[in-house]
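For reference, the structure is listed below as structure tokens.
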Amino acid sequence: MADDKPKMHRVEGHSEERFLGSDVFESNRHTLPPRNGTGSIREDARDIDVYHRCDVVVIGGGPAGCAAAWAAARAGADVTLIERYNCLGGLSTGGLVMWIDRMTDWQGNHVIQGFARQFIERMPADAVAGPPREDWGSQDPIKAAYWGQRTTAFHGIVSWAPTLDPERMKLNNQEMLLQAGVRIVFHAWAARPVVEDGAATGVIFESKAGRQAVMAKVVVDTTGDGDMFARAGAAFDTDIEEGDVHHSMNTGWVLGGVNMDRWINWKVLYPDQLRELMARGREELGFFQTPYVSWRPDIALFLGPRQSGLSALDVDDMTEVEFRSHRLMEGHCQFFRRHAPGFENAYSLQSASQLGVRHTRRLAGIGRIERQNWGNGTPVADEVGISPSISPKFPVVSVPYGSLVPRQLDGMLAAGRHISCDANSHGFMREIPQCWLTGHAAGVGAAVAANRGVQPREVDVAEVRKILREQGAHLSDDAALATVKAEAVPAE
């Protein structure tokens, strides 16, 4: 008889796992029986009503999509955003990934700003948990130890990586976009792009009203999976290490009625007991994860079980993740209530409405962020953002405009976790602040293209950078870029 237990391995030292180890499923076993569909049917051709015409249409209202829509509207474009759920924020809200990764470099400098900074500064004070500004970059052992247990200190350095209230984030995203003049369309699933003569000119979407189209001068794909550029025929990469946490999926959940300060105090003081608890949890549940802090001490966040070997482009695989996750949510709640200090009164509060996907496709762009360039610390000539590096061994990472532009397809830009980068760089470029960064840049690029009547690949990046700065983005100074451009010109 086959072993019905999923195979697992431990993951340490990756993105969120820098501070909290977790099991990862390696199992393709499905609860549902195999599909029995064969052959194909033909769908009748039909005319589709045009719902709206605009300058820029943004597909997907996650972190990148919100930043793109806001930035494009602020830059003077008429913008429509298509979102399949009933709220904005994507994985940061509907996915309960409320922990926002680092926006500071290893010296404490705030390098991801623009939309990201304005978004967080608009949040109510009681909806934000994180270290005060004066502690960013601190290597004080006491401060680093304290914030390290609260997901915002890494390698002994305090960072700006706050945890935010997801419900307040939903409202904040909505109001920022409405105030900027963005048309928001909820409950609308983008089905495919409209492509004419090698250029995207709009998108077809499905809703309760049926099949409709939005026509635009520029389409911004912020679906997270590259659905629009892939269906438009643009090239993309899918290479990733199958067993890596960056390829896994999960449905997050939160437990209420807890005392996280008591839990943290216990696990720090009694590490041997913690190891015993984790071993017992794995034995009883088959998978075990310890909690993250949330924006308040009476709510615990769980971002698991992480499951590799399954595809976020396969509906059966996605369904399987949901089955396992909801079973394990209840299992963890009961286990922690019985055995974990601070969880005596815990109850299941909420499971995520959106699947936690880390990787499917990455754009093949005219530019690319690559692991081999992490160490040089040199800004790229078409820089539109600066990302913190993955560890203190590396300087900040310069983000090129070309990483948002498809190699052949016109009329489209891509932003978010599916930008053009190698598999290593994807490990941190997929995080929420980096999605805000690339979304902000894509929104400005789209607006400039629409306003100037040119293709996104033809925009003057200097104009994009000027507007980004006006909107609060942090960039390398122009003199540094001028030096890079001069060195790139071959000698006579």
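Observations on the structure shown:
- Condition check for ASN424 on (1) modelled with pLDDT of 95 or more; (2) open to solvent by 20 Å² or more (accessible area, probe 1.4 Å); (3) in a helix (DSSP H, G or I); (4) farther than 15 Å from ILE366 by Cα: one failure, at (1).
- Failed criterion for ASP314 (all others in (1) open to solvent by 20 Å² or more (accessible area, probe 1.4 Å); (2) more than 26 Å from ARG84 (Cβ to Cβ); (3) of a type outside the set (S, T, N, Q) hold): (2)
- Among the residues listed as GLN434, GLN408, the single one being open to solvent by 20 Å² or more (accessible area, probe 1.4 Å) and either part of a helix (DSSP H, G or I) or closer than 22 Å to MET215 by Cβ (or both): GLN408
- Of all residues in region 72-86 being among the hydrophobic types (A, V, I, L, M, F, W, C) and more than 10 Å from VAL182 (Cα to Cα), the one that is surrounded by the most Cβ atoms within 10 Å (Cβ to Cβ): ILE82
- Complete set of residues in region 257-272 that are surrounded by 14 or more Cβ atoms within 10 Å (Cβ to Cβ), in a helix (DSSP H, G or I) and not β-branched (Val, Ile, Thr): MET260, ASP261, ARG262, TRP263, ASN265, TRP266, LYS267
- Subset of region 150-161 (residues that are part of a loop (DSSP other than H, G, I, E, B), crowded, with 18+ Cβ neighbours inside 10 Å and of a type in the set (Gly, Ala, Ser)): SER159, ALA161
- Single unsatisfied condition, ALA116 versus (1) among the small types (Gly, Ala, Ser); (2) assigned to a helix (DSSP H, G or I); (3) open to solvent by 10 Å² or more (accessible area, probe 1.4 Å): (3)
- For the residues LEU475, LEU413, the requirement of being modelled with pLDDT of 95 or more, outside any helix (DSSP H, G or I) and farther than 29 Å from ILE157 by Cα singles out LEU413.
- Comparison of GLN354, GLN334 shows that the only residue that is at negative phi and under 18 Å from the mean Cα position of the chain (by Cα) is GLN354.
- When residues of region 437-472 are limited to those that are of a type in the set (S, T, N, Q) and over 28 Å from VAL97 (Cβ atoms), the one least open to solvent (accessible area, probe 1.4 Å): GLN455
- Here the condition is being open to solvent by less than 10 Å² (accessible area, probe 1.4 Å), more than 24 Å from the chain's Cα centre (by Cα) and of a type outside the set (Phe, Trp, Tyr); of VAL214, VAL194, VAL219, VAL203, it holds for VAL214 alone.
- Scope region 342-367; condition more than 14 Å from LEU255 (Cα to Cα), open to solvent by less than 50 Å² (accessible area, probe 1.4 Å) and of a type outside the set (A, V, I, L, M, F, W, C); matching residues: GLN354, GLY356, ARG358, HIS359, THR360, ARG361, ARG362, GLY365, GLY367
- Take the conditions (1) crowded, with 19+ Cβ neighbours inside 10 Å; (2) modelled with pLDDT of 95 or more; (3) under 19 Å from the mean Cα position of the chain (by Cα); TRP136 misses just one of them, which is (3).
- Listing of strands (runs of 3 or more DSSP E) fully contained in region 162-256 that carry 2 or more residues being modelled with pLDDT of 95 or more and under 30 Å from ASN345 (Cα atoms): 253-256
The values are calculated or read from the model by the stated rules, or taken from the named source; none is laboratory data. Note that the structure is a prediction, hence the values are computed from the model and not measured. In this analysis, Cβ positions are derived from the backbone assuming ideal geometry, glycine residues included, and neighbour counts consider all displayed protein chains. Areas reflect the complete protein model, heavy atoms only, side chains present, ligands, DNA and RNA absent. Shrake-Rupley method; radii C 1.70, N 1.55, O 1.52, S 1.80 Å.
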